[in-house]
Amino acid sequence: IPTLCDFKSLNPAGTCRMCTVKVGGKLLSGCTTQVSYGMAVENETDELKNMRKAIIEMLFSEGNHMCPSCEKSGNCELQALAYRYRVQVPRFPFLFPNRKIEAKLPHLIIEHTRCIQCLRCVRGVKAKDGHDLFGFIRRGRNIRITVDADDPDALTEKTAQKAMDICPVGALLK
């Protein structure tokens, strides 16, 4: 079952919806649904494949995912899923959002148009004292990933590398 928000050391969050399965006729997040005895789970129906392909197409159409020029090309989970589901041209119009590249941090560049809002950096990259380094500001289509402004020095070279490694796309670069 494919995912974009799942990472080996993190608890399931179900934010990307790539893992959606059908249980008893209902669409549910596969990673957060508790398994029970006798549960009948469908995970590879044509409906689910089309839905997953649509999610990938939406992500490509609303962000800057020009794979040949991306630093993460060949090691990008979104790109791998696009190949898996044979995405060629998205069925949705490209939005070309005007989002800036944030390069004010000493060890990290944030490419906001590439962020797929999977929350992996928020959930997986912590400061030495355990507090969150990443978070979101704004809401809806204006939502943006941000680094804790109260403690920008907590983002060391090591934590910046971890953030880059945990990001499934090329949104966080060192």
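The values are calculated or read from the model by the stated rules, or taken from the named source; none is laboratory data. Since the model is a prediction, treat every value here as computed from it, not as a measurement. For neighbour counting, all protein chains shown are included, and Cβ atoms are generated from backbone atoms with ideal geometry for every residue, glycine included. Surface areas here come from the heavy atoms of the whole protein model, side chains and all, with no ligands, DNA or RNA. Shrake-Rupley method; radii C 1.70, N 1.55, O 1.52, S 1.80 Å.
Is the chain rounded, prolate or oblate when judged by the Cα gyration tensor, a ≥ b ≥ c being the square roots of its eigenvalues, rounded requiring a/c under 1.5 and prolate requiring a/b larger than b/c? Working shown, then result.
On the way: a/c = 2.17, a/b = 1.40, b/c = 1.55.
Since a/c reaches 1.5 but b/c is at least a/b, the shape of the chain is classed as oblate.
Note that region 3-92 shows a convex hull volume over its alpha carbon atoms of 114 Å³ per residue. Full-extension gain between Glu44 and Glu71, please, as 0.36 nm times their residue separation minus the C-alpha to C-alpha distance. Stretched out fully, the Glu44 to Glu71 stretch lengthens by 6.6 nm.
Using a probe radius of 1.4 Å on heavy atoms only, what accessible surface per residue do you get for region 39-174? Whole Å² is fine. Display every interim value, and only then the final one.
Details: 7980 Å² over 136 residues.
Value for region 39-174: 59 Å² per residue.
Counting only protein heavy atoms, what percent of the accessible surface of the chain is carbon or sulfur at a 1.4 Å probe?
On the way: 5310 of 10310 Å².
Whole-percent figure for carbon plus sulfur exposure: 51.
Report summary: the helix-based calculation at 222 nm, which adds -39500 (n - 2.57) for every DSSP H run with n ≥ 4 and divides by the residues of the chain, gives -6500 deg cm²/dmol. Around Ala54, with a cut-off of 12 angstrom between Cβ atoms, what is the net charge of the other residues, counting Lys and Arg +1 and Asp and Glu -1? Cβ neighbours under 12 Å give a net charge of +3.
Select from region 1-57 those GluC sites (Glu not before Pro) which occupy a DSSP coil region and have at most 12 other Cβ atoms within 10 Å, ordered by residue number.
Working: sites: Glu42, Glu44, Glu47, Glu57; in loops: Glu44.
Answer by residue number: Glu44.
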